[in-house]
1. Note down all Cβ pairs under 9 Å where the first residue falls in the stretch 125-138 and is at negative phi and free of Cβ contacts under 8 Å to residues at least 24 places away in the same chain, the second is surrounded by 11 or more Cβ atoms within 10 Å (Cβ to Cβ) and of a type in the set (A, V, I, L, M), and they're at least six residues apart or on different chains.
2. Given the residues V98, V113, V109, V80, which is the only one that is of a type in the set (A, V, I, L, M, F, W, C), in a helix (DSSP H, G or I) and either closer than 30 Å to A37 by Cα or touching a strand residue (DSSP E or B) at 6+ places or on another chain (Cβ under 8 Å) (or both)?
3. Take E50 and tell me if it is in contact (Cβ under 8 Å) with a residue 24 or more places away in the chain and among the acidic types (D, E).
4. On the basis of being modelled with pLDDT under 95, assigned to a loop (DSSP other than H, G, I, E, B) and within 34 Å of the chain's Cα centre (by Cα), does A145 make the cut?
5. Listed residues V28, V80, V15; which is β-branched (V, I, T) and in contact (Cβ under 8 Å) with a residue 12 or more places away in the chain?
6. Being surrounded by 10 or more Cβ atoms within 10 Å (Cβ to Cβ) and part of a loop (DSSP other than H, G, I, E, B) is true for just one of A48, A52, A20. Which residue is that?
7. Of V28, V106, V62, V86, which residue is among the hydrophobic types (A, V, I, L, M, F, W, C) and under 30 Å from A135 (Cα atoms)?
Amino acid sequence: MRDVGRGRLNFLSAVPPDEAGSLSAAEVARIPRAPRAVGTLCELGADAIERAGKAFQPPAGVTPDSLRKAGERADGMDLVIHDIEVLLNRYKQGNLLVDAQAYSIVRQVNDQVKAQAKLNPELSHFFAQLLQAFAKVRSTREEPAPASAPSPAPTPKP
């Protein structure tokens, strides 16, 4: 087996909260949507808190360090999701290619069975399930709709 992708996924830095995955659709809908690059916003806020010193009173429990850590965690989760999406896309394309190759091979077998069964009808019994499956696949495919005639151009009003 080959390694897939470039780089590494580090899931340890992006462990989702315990409640993730168990929320209802209504609960998910109530979660406020953060803007992209919220980590940068956290970094900017932490820097500003440090520069303001005693002139600014941050919310209870918020420190420049805790704000930076929250931003880093958010950005880390964003990176993992992006990497997973890239891998998902790659595997979906790979699946299409592998499926197409396998289908091409089995179509060749089906064509050979049909050609050779004309000379040796016993082959139809050995490959009955394959022939039935291909007949079902062909019957379920929709025929393309005939092209409709273009509608006449509207006549200009005098």
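The values are calculated or read from the model by the stated rules, or taken from the named source; none is laboratory data. Predicted model only: the values in this text are computed from it and were never measured. Virtual Cβ from ideal backbone geometry, glycine too; neighbours counted across all protein chains shown.
1. From residues that are at negative phi and free of Cβ contacts under 8 Å to residues at least 24 places away in the same chain, the pairs are F126/V113; F127/V109; F127/V113; F127/A117; L131/V113; L131/A117.
2. Matching residue, one of V98, V113, V109, V80: V80.
3. Here the answer is no, as E50 does not meet what is asked.
4. Taking the combined requirement at face value, the residue satisfies it.
5. V80
6. Exactly one residue qualifies, and that residue is A20.
7. Being among the hydrophobic types (A, V, I, L, M, F, W, C) and under 30 Å from A135 (Cα atoms) holds for just one of V28, V106, V62, V86, which is V106.
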